[in-house]
Amino acid sequence: MIAQLAFVAVLGFFGYLLSRRILRIKKNIQLGKPQTIKDNPSERWKTMLLVAFGQKKMFKRILPAFFHFLIYIGFILINIEVLEIILDGLLGTHRLFAPFLGSFYTVLISFFEILAVLVIVACVVFLLRRNVAKVDRFHKIEMKGWPTLDGNLILVIETVLMIAILSMNAADQVLQDRGADHYTQTGEFLISGMMKPLFANIAYGGLVALERAAWWFHIVGIFAFAVYVTYSKHLHIFLAFPNTFYSRLEAKGKMNNMQEITNEVKIMLGMSTGEDAGAPPEGMKFGAKDINDLSWKNLMEAYSCTECGRCTSECPANLTGKKLSPRKIMMDTRDRLEDVGLDLQKGGKGLEDGKSLLDDYISREEINACTNCNACVEACPVNISPLEIILQLRRYVAMEESAAPQSWNMMFQNVETNFAPWKFAPSDRFKWADELKEK
Amino acid sequence: MSENIQIPTMAELAAKGEKPEVLFWVGCAGSYDDRYKSVTRAFVKILNKVGITFAVLGEEETCTGDPARRAGNEFLFQMQAMANIQVLDGYEIKKIVTACPHCFNTLKNEYPDLGGNYDVVHHSQFLQELINTGKVTLKGGGEFKGRKITYHDSCFLGRANNVYEAPRKVLEALDAVLVEMKRCKTKGLCCGAGGAQMFKDAENGKKEINIERTEEALETGANTIAVACPFCMTMMSDGVKNKEKEGAVKVQDLAELIAEAEGLNG
């Protein structure tokens, strides 16, 4: 009974922390501008099934995709067992599902145990890739400090949780063999069955303590990890799904049209605006200087990024040593969101803290280096577009500040006066044909 | 042999009450860039040869606005776009072909939001269609036999618009050996000029992007680097010059290669 109360308290505590964090993240994302994405739902479901559920784009790189898939499958399926653990905790039962499932229970848990081992193998491989093989994309400048620690912590926590579940099962089975009260007979599990010799010499009391400790460690570990995930790049495990659902379905080359400018241009050209567009709303700015100038979709993408760096490793600017890293664009956007969000939570000034995404987080040199080649967008396993943010920042610089690079301002001038980006006379435009005609 | 080359403008055809099958959108590079003008001429020769009725806008054509938009100047882009749409709609244009992937992308994907709806194809797709329908029959002459060609994907054609096969099918029709670079198709490396980079110096770094890409192209051992974009043409040509390989390796557009195979260069 005490154990049940303790479990309810633990569940409530972590549930509170988790829901508070989820609400905070939701509010942060809602700092973004509204954007309606409702078109073509069938195509959207398909994209989500293929890209998030089916991990289609992960498989562009087979090796990491394979090991990532093991962790993914492990995560999804082992959670079925977590359901049983939570119910046991609440009801004071032990292995609630065992009597209902009979021998299938043994098969099921054995299958989960195989997955647990595969998850451990995958985590170890990933730790080696990050820390020993030094895969280049994990050691870019934006990965210094917390992002690297975060990546390693996640892998270590997952490994430890899997070891806990296997130890729990092994101790449980030794207790079953000794006919201990309360320990339902389940038959031998495939992996933990082999671990029994490790626990064979422990006395009854110690064994029960060990089994309970592993049980509590595992379940509290999962709750704590769930809260940790919301502060971590690991949030992709949930957000990959909505992120792919709401991803762009149009050609990658298409830039979003700015309707507010269309209205103004139409007025300038003396064309009817169709609807009564009126003057642009007070305080409206063109492009983005800070996170609240971006759309909620851009902001959700920042939370969906798991910092794998596939974008950066394919970025031509980054490959040739420029400051731009598409991954950093997403990380900076999230950092800004988190800073503003935490400040607001403390009753601070939030967005009015004198800082902005442009300049305080992302430099002009970075956004100026982008070739709009879409390599980052193509590479992202969850369809994030760092390019949209870059272009919105460029729009702010060019239109609100008229501070685009000097050569671009000259190009603008050429387009305006000569109708070509170069300084050639419009009357020379058709000269190329002369050579053909003269012959 | 080019005495019969016709390059009608829309204005001329309209005066005669005629309409062409397709408008050839030449683009600024195709009109002014010395190197790319030869691509424009090669494509016009092909159009003449196959007997497709086409026209150009001539002096009525202006920048689509693409570089202004990518550099952040949405105002200028929309001014250009609206003006162009007025001209295109004035002539009741239905179908457009262009040899510039940037013009292609903008006309095809971005003009519809501003009321300009056209059937837009890139010249690689157009050439593929000509080959498929037998209007261009390459004899597989000795000229290209065994010649190694590598194709450099333009980002605005490839990733931006998923056109990967058409340019390759055109090259395959030449009976040459098509060799792929390490990074190609969806993973193709940019030439470095997209997103208005063509109109400013690169930011500080260790290397120029076009040099990195040229090195990849040279690694294939190809003696021709085929391109399908005026900016790629400039960047790859500069790269080859930088590597002092301009004697051994040619950078050519698809239309130039087809015109060459058809014996239209003269």
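Readers should treat all values here as calculations from the given coordinates under stated rules, not as data from a laboratory. Keep in mind that this is a model prediction, so the values were computed, not measured. Every residue, glycine among them, receives a Cβ derived from its backbone with ideal geometry; neighbour counts consider all protein chains shown.
Some values worked out for this structure:
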quantity	calculated
5 angstrom amide H check on B:Tyr151, placed H, neighbours 5+ away	B:Val179, B:Met181, B:Ala226
Chain A: relative contact order as a whole-number percent, Cα under 8 Å and 6+ apart	19
Candidates A:Gly102, A:Gly270, A:Gly347, ranked by Gaussian network fluctuation over chain A, Cα under 10 Å, top entry	A:Gly270
Sequence of A:Thr148, A:Thr244, A:Thr106 once ranked by neighbouring C-beta atoms within 10 Å, starting from the fewest	A:Thr148, A:Thr106, A:Thr244
Rh (Kirkwood; distinct C-alpha pairs) - region A:308-439, Å	17.6
Pairwise FRET efficiency - A:Asp360 versus B:Glu12, Cβ, R0 = 51 Å, nearest 0.05	0.35
Trypsin sites (Lys or Arg not before Pro) restricted to region A:101-143 and DSSP loop, no more than 13 other C-beta within 10 Å	A:Lys134
Of A:Leu83, A:Leu210, A:Leu108, farthest towards positive along the dipole that unit charges on Lys, Arg, Asp, Glu beta carbons give chain A	A:Leu108
Top positive-direction residue, dipole computed over region A:285-404 with Cβ charges, set A:Asn292, A:Ala302, A:Cys315	A:Cys315
Long-range amide H partners of A:Lys33 with built H, under 5 Å	A:Leu294, A:Ser295, A:Trp296
Taking A:Glu314, A:Glu81, B:Glu92, A:Glu400 and counting other C-beta atoms within 10 Å, the order from fewest to most	B:Glu92, A:Glu400, A:Glu81, A:Glu314
Cα-Cα over 24 Å, subset of A:Lys289/A:Lys349; A:Lys60/A:Lys140; A:Lys33/A:Lys56; A:Lys56/B:Lys185	A:Lys33/A:Lys56
Cα centroid separation, region A:405-439 to region A:165-241 (Å)	73
Size of electric dipole in chain A: Cβ of Lys, Arg +1 and of Asp, Glu -1, about Cα centre, debye, nearest 20	680
Region A:285-404 - charge dipole about Cα centre, Lys and Arg +1 at Cβ, Asp and Glu -1, debye rounded to 20	180
Part-to-part distance (alpha-carbon centres) for region B:167-206 and region A:92-155, which is given in Å	40
Among A:Met399, A:Gln413, A:Trp432 the positive-end extreme of the charge dipole of region A:361-439 (Cβ point charges)	A:Trp432
Estimated vicinal HN-Hα couplings, Hz - region A:361-368 in sequence order (Karplus 6.51, -1.76, 1.60; Gly, Pro = x)	10, 10, 8, 5, 4, 5, 5, 6
Packing-based exposure ordering (other Cβ within 10 Å, fewest first) of A:Ile109, B:Ile85	B:Ile85, A:Ile109
Simple Cβ-charge dipole of chain B, Lys/Arg +1 and Asp/Glu -1, about Cα centre, in debye nearest 20	720
